[in-house]
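One structure below.
The values are calculated or read from the model by the stated rules, or taken from the named source; none is laboratory data. This structure is a prediction, so every number in the text was calculated from the model and none was measured. Here the Cβ is made from the backbone with ideal geometry for all residues, glycine too, and neighbour counts use every protein chain on show.
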Amino acid sequence: MKKEFKVISELILKNSKVLDVGCGDGELMKFLKDNKTSQIRGLEISKNRVQNCLSKGLTVIEGNAENDLKQFPDNSFDFVILSQTLQAFLDPEKVISELLRVGKKAIVTIPNFGYWKVRLNLLIKGTMPVTENLPNEWYNTPNLHMCTLRDFFNFCSKREIKIFRSLALKNDKTLNLSDKNLAWRNLESQLGIFLIEK
Amino acid sequence: MNNLKQSKNIILTNPQKLDCGKEISNFPISYETYGTLNEKKDNAILVFHALTGDQFASGKNPITNKDGWWSYALGSGKAIDTEKFFVICANVIGGCMGSYGPSTIDEETGKPIGTNFPVITINDMVNAQYNLLEHFKIDKLFAVIGGSMGGMQVLQFVSNFPDKAHIAIPIACTSSHSAQNIAFNELGRQAILADTNWKNGLYEQNKTSPDKGLAIARMAAHITYLSKKGLQEKFGRKLQERDDLKFSFDADFQIESYLRYQGSVFVDRFDANSYLYITRAMDYFDLSKQFNGNLSAAFSKTTSKFFVISFTSDWLYPTAENREIVIALNAIGADVGFVEIESDKGHDSFLLNVPEFLDTLGNYLKTNYKTINEKRI
């Protein structure tokens, strides 16, 4: 399992109600179901992946976070997970507010556009960055709203969203992330993991 | 409707109060079973049929000598695997395959009941079939499954009996029959009523049969079961055994010939009055109205795990209507999965060979049966 998923699952309390938005093939869901909680649901846009999940006995609904989170009542989950997809939505701001309406807490992970290799790519080559984490070209990337770890910090403070915990992943190593070490972490890490609350 | 002696029957002696206010008792329910009920009696699945279906879901239908209506999904090694599960499928009341309906012979007059049969509802159908659990001494079904009107019965069943099925799978259905669907049903009914052979429903007594009306009803309905794309691909403007148009009202086009054929074979196996009664029951179906407009309340006591399935090209029971069921279930935190299966085959997709549908259904049943058994141990 991806290091990111391990870190996410450590943030989740036992027997809590969890919604995995964009659950893919259900890898994280399956791990959480076996180890943390039986009350886990998924939302996934790809029909094939939904079918895979359902075949594995995971409760998944076909749908898209921008349109289909509205069917869930306020605070119906303890944790809502959004892994590396915030940047792909037309309206990430709306998605975050929906996550925080449906969930008491949300875990959002962000591929860091401030990572040094990304910055170097643009600085030296003068082209849109293509890295292991961001493998697409500018014309076929699903990522519409890339941001850096600092951008996300700024966004949360502007929107009065509490950051409960924040961690950074640097080559699969988990690091503390706070406004004190932000400048450095924003340069050295590929991924940010945020536990947020309204 | 001969050969019905080959179907299994129980007589329900307990009186049943119908939604229309009348009470019925000592009436027959015809059913078939597939597979074997295990000792723990935990492997039973109740399958509900659609408008023109019957208890012959799999194997050879003794009336038509064709494969049962759900042969693609139900049988040994199929999605609903009869090597593993014990499947019960009953003819709905109002039907014409041995269960209590307008073609049942009235003992007093020796003639079919006809339009003296009470107007029944989906709720009445489900309540009658519930007796089969007692008959087989099954405390809790593993699953209730059905497509179209069968899906409506699934919804009504879990609403009426919230702790009697582990799994509920409503397929290509709705919680409330739409104006468009009522309109199509009305078209069919009017075709039957307009046939002078219908004789106010007393056609058997008059030794006539409203075959033309019933065939037209079937033709119209059949169009709604397919998709525009499916029709275009299968028939297009192809001509029927001719090189050019005949400048007449013969069946020039293959699609015309196909529909005429569908109409003509249908009248051999279906009763016109049953068609009136069952379409009426579908039209009356509005589960949220039964709960003052709150569909979620219909499921408030449910312990079932739901799996809602729709098809991309189904315009009769479109995805949006199936999604409303999902939304209502999510609103109360019920355990509900949902997928829309890609298919060009229209509403009929659930009856046909649609591998993605059959695989997902099969895997879902297999995995959940295993999980439920593990929990019990």
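Tabulated results
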quantity: Tally, over the range B:171-208, of residues that are assigned to a strand (DSSP E or B) and among the small types (Gly, Ala, Ser); calculated: 1
quantity: B:Arg218, sole failed condition from (1) touching a Ser or Thr at 6+ places or on another chain (Cβ under 9 Å); (2) outside any helix (DSSP H, G or I); calculated: (2)
quantity: Given (1) within 11 Å of chain A (Cβ to nearest Cβ); (2) in contact with an Asp or Glu (Cβ under 8 Å, 6 or more places away or on another chain), index of the condition B:Asn373 fails; calculated: (1)
quantity: Per-region count, the range A:114-157, residues in a loop (DSSP other than H, G, I, E, B) and more than 14 Å from the chain's Cα centre (by Cα); calculated: 19
quantity: Test for B:Glu342: is it more than 10 Å from chain A (Cβ to nearest Cβ), charged (D, E, K, R) and free of Cβ contacts under 8 Å to residues at least 40 places away in the same chain; calculated: no
quantity: Residue that is surrounded by the fewest Cβ atoms within 10 Å (Cβ to Cβ) [pool: residues in the range B:200-225 that are among the aliphatic types (A, V, I, L, M) and touching a helix residue (DSSP H, G or I) at 6+ places or on another chain (Cβ under 7 Å)]; calculated: B:Leu202
quantity: Condition check for A:Arg49: over 16 Å from B:Val336 (Cβ atoms), among the basic types (Lys, Arg) and within 11 Å of chain B (Cβ to nearest Cβ); calculated: yes
quantity: Verdict on B:Ser159 being in the same structural domain as B:Leu365 (by TED's automatic domain parsing) and either touching a helix residue (DSSP H, G or I) at 6+ places or on another chain (Cβ under 8 Å) or among the aliphatic types (A, V, I, L, M) (or both); calculated: yes
quantity: The range B:313-336: number of residues that are facing chain A (nearest Cβ under 7 Å) and farther than 12 Å from B:Pro170 by Cβ; calculated: 5
quantity: Selection count, the range B:333-354, where residues are in a loop (DSSP other than H, G, I, E, B), buried (at least 18 other Cβ atoms within 10 Å of the Cβ) and over 19 Å from the mean Cα position of the chain (by Cα); calculated: 3
quantity: Yes/no for B:Asn363 being buried (at least 17 other Cβ atoms within 10 Å of the Cβ), over 22 Å from B:Leu155 (Cβ atoms), within 12 Å of chain A (Cβ to nearest Cβ) and free of Cβ contacts under 8 Å to residues at least 24 places away in the same chain; calculated: yes
quantity: Scope the range A:70-82; condition within 24 Å of A:Leu11 (Cα to Cα) and surrounded by fewer than 22 Cβ atoms within 10 Å (Cβ to Cβ); matching residues; calculated: A:Pro73, A:Asp74, A:Asn75, A:Ser76, A:Asp78
quantity: Test set (1) touching a Leu at 6+ places or on another chain (Cβ under 9 Å); (2) closer than 30 Å to A:Thr59 by Cα; (3) not β-branched (Val, Ile, Thr) - B:Ser304 fails condition number; calculated: (1)
quantity: Of all residues in the range A:8-23 being within 24 Å of A:Asn112 (Cα to Cα) and surrounded by fewer than 19 Cβ atoms within 10 Å (Cβ to Cβ), the one that is farthest from the chain's Cα centre (by Cα); calculated: A:Glu10
quantity: Single residue of B:Ser300, B:Ser274, B:Ser310 found to be crowded, with 21+ Cβ neighbours inside 10 Å and either within 11 Å of another protein chain (Cβ to nearest Cβ) or over 23 Å from the mean Cα position of the chain (by Cα) (or both); calculated: B:Ser310
quantity: Flag if A:Val7 is within 14 Å of another protein chain (Cβ to nearest Cβ) and modelled with pLDDT of 95 or more; calculated: no
quantity: Counted residues, the range A:161-189 - those being without any contact (Cβ under 8 Å) to a residue 12 or more places away in the chain and at positive phi; calculated: 0
quantity: Hits in the range A:52-111 - residues which are within 14 Å of another protein chain (Cβ to nearest Cβ), among the polar types (S, T, N, Q) and not in a helix (DSSP H, G or I); calculated: A:Thr59, A:Asn64, A:Asn75, A:Ser76
